[in-house]
1. At 7 Å along the Cα-to-beta-carbon direction for both Phe39 and Ala80, put a label point, then send me their distance in nm to one decimal.
2. Among Ala196, Ala48, Ala154, whose mean-square fluctuation peaks in a Gaussian network model of the chain (Cα, cutoff 10 Å)?
3. Can you give the helix-only mean residue ellipticity at 222 nm for the chain, where every DSSP H stretch with n ≥ 4 adds -39500 (n - 2.57) and the sum goes over all residues, rounded to the nearest 500 deg cm²/dmol?
4. Could you calculate the FRET efficiency of Asp199 with Glu228 from 1/(1 + (r/R0)^6), where r is the beta carbon distance between them and R0 is 30 Å, rounded to 0.05?
5. Beyond 28 Å, what percent of the Cα pairs of region 19-155 remain?
6. Considering only protein heavy atoms, with the full assembly of protein chains and a 1.4 angstrom probe, order Met198, Met32, Met226 by accessible area, largest first.
7. In Å³ and rounded to a whole number, note down the convex hull volume per residue for the Cα atoms of region 53-128.
8. Please give the helix 187-202 orientation as an angle from the longest Cα principal axis of the chain, in degrees from 0 to 90, rounded to the nearest 10.
Amino acid sequence: MPELPSADMLPAPDKLMSAEDVTLGPPGVDRMTVLGVNFGLRAGEGLAILGPSGCGKSTLVRALAGIWPLKSGAVRLDNADLTQWPPESLGRHIGYLPQNVELITGTVAENIARFDPNAIPEEVIKASKLAGVHDLILHLPEGYNTQVGPDGSALSGGQRQRIGLARALYGDPFFIILDEPNSNLDAQGEEALASAIMDVRARGAIVVAVAHRPWLLASVDLVLLMKEGR
């Protein structure tokens with residue numbers, strides 16, 4: 001792992017995101033599955049990443065979120081490389097919904113708030129309403145205090161995904177990354193997701209969403225098509 005910065009010197013990003021010649025593969029694997037990807041987005045823009053299975057979409061978004069290290073290139077927010085932020089600071093600026101949603105043993109509220117000990121209940125509810133999951137949570141046995149179980153096993157796949165979306169939106173992050181966000185959603189869930197994307201873009205957030213099907217296109221204004229890592 002690279003050395004991490006010890007001090008948070010940078011203001012919160014609010015203008016730009018850019019990928020510059022991004023090249024990488026899964027950690028521990030020599031084969032590069034994303035090759036020289038370049039694009040840039042401004043505040044309020046939404047991008048759909050389309051392409052066949054195995055073309056590198058999920059690898060790319062893991063790089064954009066700062067989860068997997070790059071072989072070469074850079075991912076920048078307001079022209080600063082992601083590596084210039086301490087992880088705890090960077091995490092506040094990025095909302096990430098992975099393809100396989102993992103919840104941590106605890107309550108629904110704790111998971112949405114990313115286990116922030118200083119979480120404000122109003123912010124948790126705000127994120128839930130934005131994700132269209134507030135009423136669903138109220139119908140759980142103990143509402144926001146419902147235990148999700150190990151890895152969210154007490155919830156259905158659709159419930160986990162919608163709570164994961166609320167977690168990604170918690171704290172009004174500037175850069176929101178959604179990897180196959182509708183894979184377990186019904187029509188009502190997809191409608192709530194599309195509405196959430198439009199709402200966060202309206203406040204100036206940048207949204208990048210991976211999709212197999214073009215249903216997402218009504219919620220974004222740009223498309224990136226991937227094929228064989230490019």
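The values are calculated or read from the model by the stated rules, or taken from the named source; none is laboratory data. Predicted model only: the values in this text are computed from it and were never measured. Reconstructed Cβ throughout: ideal geometry from the backbone, glycine too, with neighbour counts over all protein chains shown. Only protein heavy atoms, including side chains, enter the accessible area calculation; ligands, DNA and RNA are left aside. Shrake-Rupley method; radii C 1.70, N 1.55, O 1.52, S 1.80 Å.
1. With each label point 7 Å from Cα toward Cβ, the separation is 2.5 nm.
2. The residue with the greatest mean-square fluctuation here is Ala154.
3. On the way: 7 runs with 64 residues, N = 230.
Calculated at 222 nm, the ellipticity per residue is -8000 deg cm²/dmol.
4. Values: r = 35 Å, r/R0 = 1.16.
Using R0 = 30 Å, I get an efficiency of 0.30.
5. Numbers: 3003 of 9316 pairs.
Across region 19-155, Cα pairs with separations above 28 Å total 32 percent.
6. Numbers: Met198 90, Met32 55, Met226 0 Å².
Correct descending sequence by accessible area is Met198, Met32, Met226.
7. Values: hull volume 10.3 nm³, N = 76.
Hull volume normalised by residue count: 135 Å³.
8. 60
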